[in-house]
Amino acid sequence: MVCSVVTFCFLATAAVAAPRLQVGPVTISYKRFVFGSNVLKASGGVHMSATHFDLQADTMTVMLNSSSGPGGISRAVAEGDTSTGHQIAGRFEQVDEGRTVKVLADHAVYSPLSGSSGFRQMNDASTIQGDLKVHSNPTGKVVFTGNVTLSFAAPAALAEPSITHMDSAVVFLGPGPDYPLVSGGPGVTMFTPLH
Amino acid sequence: MKPVNSLIGRQYLPLLQLIGRCAVILLCLGILGCAQGQSRPPDSENDVAAPRPGSGTLDGASGTGRGDPNDTSLRGDIKIDSEKVYAVQPDPKRQGKFLWKIWASEVSIANPARQITGDLSDVSAVLSHNGNAAASLHAPTAQGDYINRTVIASGGVFMKSLSPSGSTLTADRVVWFGADDKIIATGHVVYRNGDSGVVIQTSQLVANTALRTISSSVGGSATVSKGL
């Protein structure tokens, strides 16, 4: 096992083009909820799931767009239970490439991205190091903060998942083989490459 | 006496025959229109007509209808039997406004000690809040309590908000508490918000009459169709 301190920059790319990723509808399961003015507040254990992505939290506030406009989710805020140490658990998959990103954190915020602004963010040197080549623009991002633990599994490259501990991480969502795309700040990564 | 056609002139006879046929058709349509009355329950407060003659209205104390109110055998247990019964409860706090309007194929009204209750079949209703029509309700059966302003609908209930967004709710059973502006829906509850399109499924939820705010303390799920 190799341990190193790095300015974390993790890019998932594909050598072969993959079919466009379909996120599909989002289902939110809960034990309790209140809904009004297009805001859903769920608690008692919340599970948000969609194609190749799911998020579990103690509480979640989801703001919805009007269906006469863009529709869908405009913003979602998830919280763990800090009193019990129960964190948010996120899982993102790139099925065609066999890659899985898992995240544990105290807080998470999802927000959609428009195509052009998202691409500019992707190339923002303050968030991502080095040159990046992405084949499509991200459609949304999830910002994880507070005792973040990132696990990256890529059977083609790693013998076992790499583990990174950091203060914050951003997971970009979008179609195609480039996603999920992860960006984060300083952290400690442990990984075992294939021999 | 000369024949009609010689009095009028032969050239006008076909025209008069056409006019006569049209008059007969219009007369028949008029008769049918009157007889049909208000057979379709409305979806909004504006789409409401006065009770049909003979259908009866509900008096808070005694009740009247096709049954003879002077018939002592009916006193205390009044049954109105008609094709469609229309009943309305005025809002005592707001003149000219109503608490609810109900259409039913059959209604049985009991008046034990002046507490009016009624059993209704094939029910359509408009429920109001603060004098404004808030939601429509359709159900195979319902029980209404005139004094306590509650309606219990069952057998598969469909509600629709009368606000522009038109949120809907279906459930096995719905209890409406008019005084509290609250409904409790139980059994296979499906709520669809007309603005965001989110669909919420649960076994029980609480909502206001207009279906704008809802809550639940039992498990369930919400689906956003457009997703992320």
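At 7 Å along Cα-to-Cβ for each site, give me the label-to-label distance between A:D96 and A:V143 in nm.
Taking the two extended label points, one gets 3.0 nm.
I want the local charge near A:G85. Using Cβ-Cβ distances under 12 Å, sum +1 for each Lys or Arg and -1 for each Asp or Glu among the other residues.
Numbers: positive: none; negative: A:D58, A:D81, A:D106.
Once positives and negatives cancel, what remains is -3.
Mind giving me the nanometre distance, one decimal, between the label points for A:V39 and A:R75, set 7 Å out from Cα along Cα→Cβ?
So the label points at A:V39 and A:R75 sit 1.0 nm apart.
Sticking to Cα atoms, compute the Rg of region B:140-228 to one decimal and its Dmax as the biggest Cα-Cα distance, whole number, in Å.
13.1, 49
Any chance you could run the full-extension gain for B:L16 through B:H129? It's 0.36 nm times the residue separation minus the Cα-Cα distance, nm to one decimal.
Details: separation 113, 0.36 × 113 = 40.68 nm, distance 5.67 nm.
Gain on extension, B:L16 to B:H129, equals 35.0 nm.
List the residues of region A:61-77 whose backbone N lies under 16 Å from a point placed 7 Å from the Cα of B:T213 along the Cα-to-Cβ direction.
None, by backbone N distance to the label point.
Kindly list the residues of region A:26-45 that lie in the label zone of A:S66, defined by a backbone N under 15 Å from the point 7 Å along the Cα-to-C-beta vector.
A:37-39
Please compute the modelled spin-label separation between A:D167 and B:V190, points set 7 Å along Cα→Cβ, answer in nm with one decimal.
4.9 nm
One-quarter of the Cα convex hull surface for region B:106-188, in nm²? Intermediate results must be reported in sequence, preceding the final value.
Numbers: hull surface 22.0 nm².
For the Cα atoms of region B:106-188, the hull's average projected area reads 5.5 nm².
At a Förster distance of 22 Å, what's the computed FRET efficiency of A:T51 paired with A:T84, Cβ-Cβ distance as r, to 0.05? Can you show the working numbers first?
Working: r = 30 Å, r/R0 = 1.38.
Efficiency computed from Cβ-Cβ geometry: 0.10.
Quick one: net charge of B:Y191's neighbours, Cβ under 12 Å, K/R +1, D/E -1?
+3
Hey, for a label at B:S163 modelled as a point 7 Å past Cα toward Cβ, could you say which residues of region B:172-191 have their backbone N under 16 Å away?
Within reach of a label on B:S163: B:181-183, B:191.
Bear in mind these aren't lab numbers, they're just calculated from the coordinates by the rules spelled out. Keep in mind that what you see is a predicted model, and the values were worked out from it rather than measured. Every residue, glycine among them, receives a Cβ derived from its backbone with ideal geometry; neighbour counts consider all protein chains shown.
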